[in-house]
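Here's the structure, in structure tokens; my notes come after.
The values are calculated or read from the model by the stated rules, or taken from the named source; none is laboratory data. Predicted model only: the values in this text are computed from it and were never measured. Heads up, the Cβs are rebuilt from the backbone with ideal geometry, glycines too, and the neighbour counts pull from every protein chain shown.
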Amino acid sequence: MKLLSGIRVLDLTNVLAGPFATLHLALLGAEVIKIENPDGGDLARKLGNVPNLNAKLMGTSFLAQNANKKSLTLNLKEEKAKDIFKQLVERADILVENFRPGVMERLGLEFKSLKQLNPKLIYCAISGFGQTGPDAFKPAYDQIIQGLSGIMAINGDERLNPLRCGFPVCDTVGGLNAAFAILAALFHRERTGEGQFIDIALLDSIMPLMGWVAANLLIGHQQPVLMGNENFTAAPSGSFKTKDGHINIAANQQDQWEALTEELGVPELKNDPRFKQRDARKKNRRELNPLLEAKLQQEVTSCWVKRLNNRGVPSGEILSLDEALHAPQIEHRRTIKTIRDQELGELPLFNLSAHFETTPAEVCCPPPRLSEHTEMILMGLGYSQTEFQEFKSKGIV
């Protein structure tokens, strides 16, 4: 049995934040029905670096976020499509959408109306800034939120700043926050029978991730310092040059620092007043790092990783994305599972990253073609084949 077996989710989301939230529900075993516009569906279907897949409306961006889901097309501007949608709502547990505030209300499908049909419905709205406030109706993409959240201002160093994260971190974290909130609301419903509305903002979601940096400013009144790959909490802690590349070293504890000096052959640094104590090392890291790199550049990265880890000094190679995706530990943990699509062939997709002992969760079905399950779902609602064909001819589905 899957954790969310028997739970039905209506997924009206597009691109990343919403689909990432519902992906987690689908991996946990919920039936996720992706409701898409008949005219092209989710925009992510056309996004990716493989033009052939984009043309098939199966772009890599879509493939990454939509395994284990079903696809139903409905033109919600049509009254009959709204009737079908309301029938689905009556049978659903969760609804997730990431339209701009006000869109669902203009369609007459806002939570206030839908809860009359299904008081147990959990309705989650994901947007850039939330449903209320001075910025609520502004357009928002991940990069806009990165800039407004302060993330870009604290990334990089004096040579490269502001600097965005190399992936859509705000969209992704917003999706995780939504999935977390939905499961909490589902737990509440199990105890009370009550559904409820959930308002998720990408801006709200990302800012707590900067908790340590923000606390230093809010409580300690210390402005963040641009440190690039350095760790502001300790030294030496960051990336260092080796004979053949770079290594990450995090000697955050005093015994790790002392072991590092011994392994590098510079034990005299242990008693140097500039480096003897943690706070002194942080203050004098610009003097310390070149002394360490002079030794580290005498050997290759893999050698240092083995030697330092054997001494209890946390260290690791800095892998390319390709190397990271195929690392032995990732393969051992089955973080990525290859699933076969009849037309597209083998698709390596991310599994759920949580490992459950008795209720395993994983990718089992490839992402759906646009409208792949429309006929099946309508038949399940009691519509006939003739009605289905009529809906198609009228552009309702």
Could you run through region 1-42 and say how many residues are aliphatic (A, V, I, L, M) and in contact with a Gly (Cβ under 9 Å, 6 or more places away or on another chain)?
10
Return the only residue of 216, 289, 229 being of a type in the set (S, T, N, Q) and part of a loop (DSSP other than H, G, I, E, B).
229
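Does region 204-230 hold any residues that are of a type in the set (A, V, I, L, M, F, W, C), out of contact with any Ser or Thr (no Cβ under 6 Å at 6 or more places or on another chain) and under 30 Å from residue 139 (Cβ atoms), and which are they?
Selection gives 209, 210, 213, 214, 217, 218, 226.
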Identify, by number, the condition in (1) surrounded by fewer than 16 Cβ atoms within 10 Å (Cβ to Cβ); (2) among the hydrophobic types (A, V, I, L, M, F, W, C); (3) touching a residue at least 60 places away in the same chain (Cβ under 8 Å) that residue 43 doesn't meet.
(3)
Among the listed residues 323, 357, 372, 362, identify the single one that is of a type outside the set (Phe, Trp, Tyr) and within 30 Å of residue 245 (Cβ to Cβ).
323
Qualifying helices (runs of 4 or more DSSP H) (wholly inside region 56-163; at least 1 residues being farther than 21 Å from residue 42 by Cα and among the acidic types (Asp, Glu)):
79-90
So in region 151-177, with the set limited to residues that are out of contact with any helix residue (DSSP H, G or I) (no Cβ under 7 Å at 6 or more places or on another chain) and within 21 Å of residue 218 (Cα to Cα), which one is surrounded by the most Cβ atoms within 10 Å (Cβ to Cβ)?
155
Going by the conditions given, is residue 357 in the same structural domain as residue 22 (by TED's automatic domain parsing), modelled with pLDDT under 95 and at negative phi?
yes
